[in-house]
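Structure record follows, encoded as structure tokens.
The values are calculated or read from the model by the stated rules, or taken from the named source; none is laboratory data. Just so it is clear, the structure is predicted and the values come from calculations on it, not from any experiment. Positions of Cβ are generated from backbone atoms using ideal geometry, with glycine treated the same way; all protein chains shown enter the neighbour counts. These area figures cover heavy atoms from the full protein model, side chains too; ligands, DNA and RNA do not enter into them. Shrake-Rupley method; radii C 1.70, N 1.55, O 1.52, S 1.80 Å.
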Amino acid sequence: MDYIYDGTFEGLLTCIHHHYYTEKTTGISVKDEYQPNFLNRSKEVITDEIKADIVYEAIERKISSYDLRRIYKAFLSCDPDKEMKILRYIELGFKKGSAVSMLHGDPIVFDVQSLEKKVNREKERMLQFVRFSVMKNGVLYAKIEPDHDVLELTAHHFCDRYRNDLFIIHDVKRKKALIAFQGEWYITHFEETDIPELSADENEYRRLWKTYFDHIAIKERTNPKCQRNFMPVRYWKNLTEVNIFGESYK
């Protein structure tokens, strides 16, 4: 039986509940991405918060809070088989308890551990590479396009850093945004048409930044290969300095 769900973490936990209490699953897929086949039957699972809570609490109680966080980070990855990797990890965790996280040589543990590392790495890069622009009414706006869904994981850092500013971090790929002010934040649907207009001073700020860069740069020591190692090319399109300097980073 293939289970099809809505793509939420609660939806995945509901599928896992069905796996244990209804019928064993052969695959779990997001509804929009599911490819039907003649070998397996499929069932659309409606997210049930009560069933999701049962699985959530079972993971925390029978395995550990640490593994619950690991599983959630694995869920935030863009891996196409993440649901089944998480399910296999939970099944093993229910057998081994909290010791499961230490079984580094087990391929089931390695799979989820690898997803967690990728998400953590992307999160750290976002903390370094997010660039804000000043929009009208003093709103700070930044555009990002991470491979993994790390927007939520950046919230605490930026809320602490920009506690007195209203800011928006827009995940263009997933059409959602982190909106925060004075330490409070939420994530909501966000389209390109919702982007506020640039402030009158923003272009002047960028000109000053370019002047600063021109004066401190040592052209003879420019090392494009080193720049790519520290600043992956896939992030460049949303970096203010790259948009300003153009070929300087290429």
Sorted largest first, extent of the stretch 1-136 alpha carbons per principal axis (Å): 51, 38, 28
Of all DSSP beta bridges in the chain, antiparallel share, percent nearest 5: 55 percent
Alpha-carbon centroids, the stretch 139-213 and the stretch 59-133: separation in whole Å: 27 Å
Computed Kirkwood radius, in angstrom, where 1/r is averaged over Cα pairs of the stretch 94-197: 15.3 Å
D6 accessible area, assembled protein chains, probe 1.4 Å, Å²: 90 Å²
Considering only the stretch 144-215, percent of DSSP beta bridges that pair antiparallel, nearest 5: 90 percent
Quarter of Cα convex hull surface for the chain, i.e. mean projection, nm²: 17.2 nm²
Accessible area of W209 in the full protein assembly, 1.4 Å probe (Å², nearest 10): 90 Å²
The stretch 45-159: relative contact order in percent, alpha carbon pairs under 8 Å with at least 6 residues between: 25 percent
Apportionment of accessible area to carbon and sulfur, the stretch 1-130, percent (1.4 Å): 52 percent
Cβ charges +1 (Lys, Arg) and -1 (Asp, Glu), total dipole of the chain, debye: 980 debye
Residue among P224, G93, T14 farthest towards the positive dipole end of the chain, charges placed on Cβ: P224
For M84, solvent-accessible area (1.4 Å; no DNA, RNA or ligand), Å²: 30 Å²
Fraction of beta bridges assigned by DSSP in the stretch 1-146 that are antiparallel (%, nearest 5): 20 percent
Solvent-accessible heavy-atom area per residue, rounded to whole Å², over the chain at 1.4 Å: 59 Å²
